[in-house]
Amino acid sequence: MEKLTAVRRSFISPFVQEKDFDFTGGYCFEKNGSAFLLNPDVGSSILLDRDHLEEIKNKKISDDLQFKLIQRGFMKVPGSPQCTDEESILPRFFIIDLTQACNFRCTYCFRHLDETPRTISNETLQSIIDFIADYCKKTNQREIHIQPWGGEPLIAWKKILHIHDDLQEKGIKAVLTIESNAGLITPRVAKEAYERDIRIGVSIDGLPEIHNLQRKLANGKDSFEKMRQGMQNLRDAGYGTRHGIITVLTRNTLPYLEEFLEYFAIDLKIDRFKLNIVKDSPVMKDKGLCLSNAEIIDFQKRLLKKLIELNKRGHSIIELNVFDKLQNLLIRNKGNICISRGCLGGKKMIAFDMDGRIFPCDITDYKEEAVGSVNDGEELIPLLEKAHHKTDFFAKKESENCASCPWWFFCKGGCTTAIKYKKGKVEGVDELECLSNRSLYPELIRMFLEEHELVKILTKNKLEIA
């Protein structure tokens, strides 16, 4: 059994308090007279004091507590709404693979950059835009999210502007989000992006020397200054520090974790970033970049500790995976389509490749995973419903430990694409995400019970435990 430092963990079994009043059961984490109760089947939770916890353990629940438990999904009463773990098929996030071309050569890239790069044709792109617009009209959606993808998506900048403008003309608000190496963010590009409220995340791998080690330009030269100038162009155009930061953590960068977080917060004045652990793939040239299990556990604890330290020193900075997982535990968040309800590829998100094929997510390098095409004449939701019954991508992902895992609802086997890239087929679970959850979630719960005021800090005042 997983042990939490100075926190007692137990499981309270389901029981019937009285006729038709069923307590669903859940994992209980206790310390200092407080308890955090978590329902792993539906992801609901509640914070309790010692007296209320004893009511549950003694199976003598007062009316007031019973009402709260019904609200939080821990009691089932005829006629009351029930929490569910089912998610409808209604995509609102669309990835469009615009180009395989890239001006960088990052050591961990999983795209096939050695091949002749392609960029989507205007005709295919228009077919995809029309397909999305038709879907939005039929499902009455007025706002969607689109991620132009690459390669380096800014190589196809004019096509990105066309996506935004054409959908706007069709009465659809498309919130565009781009992850860029920033090497092509000129003052003009930054200005055009800002005027259209396009969200941009800049890839930076920490300190300049480590960044240059992992993220070379295509000509082999260092890329940090090129990236830094692009970042400055964004700030000069009006973004300030509101542009995103995406960092890939490898074995090269792990030893310098605390140093580059200091650099982000103090030198670059970044207030939010996303730190993703490098994922194994068949095309990765240096397998030594991947972290061991022990390193993943060590990283999660060091990350949270450093975030808390920086904020206590007055540097307001959050990490978005930690932010989302805090929301998962406390408010049963639905915001992250990858780590809040398991993989929602093919339900809340789809991707299009450069030939108009439709995929559950950004797995476009595996053509056999396509669920259809914009040229088939089929409507999206019926197409996805059929795919859920016949495509291996949507098979249940699980291991022998899933049945007794408190974090199952948020994970549900993890990232399907990560499993596909590592194993060549979808089976088992995403071991990296599994281990990350088993490392981070217990630390967050310990924080709730020991220093709950930190929740407000690490969510930028969005959540607070009274």
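For LYS68, the lysines whose Cα falls under 27 Å of its own Cα, not counting residues fewer than eight places away in the same chain, are LYS19, LYS31, LYS57, LYS59, LYS60, LYS76, LYS325, LYS334, LYS412, LYS456, LYS460, LYS462.
Can you give me the C-alpha center-to-center distance between segment 64-82 and segment 200-247, rounded to a whole angstrom? Answer, in whole Å: 49. Backbone geometry of segment 36-42 corresponds, through the Karplus equation with coefficients 6.51, -1.76 and 1.60 at θ = phi - 60°, to 3J(HN,Hα) couplings of 10, 9, 10, 8, x, 7, 10 Hz, x marking Gly and Pro. Within segment 32-112, the GluC sites (Glu not before Pro) that combine a DSSP coil assignment with at most 15 other C-beta atoms in a 10 angstrom radius are GLU86, GLU87.
Each residue of segment 199-212 is assigned a 3J(HN,Hα), and the resulting list reads 8, 10, x, 9, 7, 9, 9, x, 4, x, 5, 6, 3, 5 Hz, derived from the Karplus form 6.51 cos²θ - 1.76 cosθ + 1.60 (θ = phi - 60°), x at Gly and Pro. Here segment 292-329 and segment 391-439 have alpha carbon centers that stand 22 Å from each other. When DSSP beta bridges are limited to those with both residues in the chain, what percentage is antiparallel, rounded to the nearest 5? Of the beta bridges lying entirely in the chain, close to 55 percent run antiparallel. For the pair segment 116-148 and segment 163-181, the centres of their Cα atoms are 9 angstrom apart. From its DSSP helices (H runs of at least four residues, each -39,500 (n - 2.57)), the chain gives a residue-normalised ellipticity at 222 nm of -10500 deg cm²/dmol. Taking amide H atoms as placed 1.01 Å from N in the peptide plane, the amide H of ARG105 lies under 5 Å from those of LYS216, LEU217, ALA218, each 5 or more residues away in sequence or on another chain.
Across segment 356-366, coupling constants 3J(HN,Hα) worked out from phi with the 6.51/-1.76/1.60 Karplus curve, θ = phi - 60°, read x, 6, 10, 10, x, 6, 7, 10, 5, 6, 10 Hz, and Gly and Pro carry x. Highest-first packing order for the peptide set 448-460, 142-154 is 142-154, 448-460, based on the mean count of other beta carbon atoms within 10 Å. Residues whose amide H falls under 5 Å from that of ILE246, counting only those 5 or more places apart or on a different chain, are VAL202, SER203, ILE204, LYS274, with hydrogens built in the peptide plane. Where both partners of a DSSP beta bridge lie in segment 93-331, what percent of those bridges are antiparallel, to the nearest 5? If we restrict to bridges inside segment 93-331, about 20 percent are antiparallel.
Just so you know, all these numbers are worked out from the coordinates, no wet-lab data involved. This structure is a prediction, so every number in the text was calculated from the model and none was measured. Here Cβ is always computed from backbone atoms with ideal geometry, including for glycine, and neighbour counts include all displayed protein chains.
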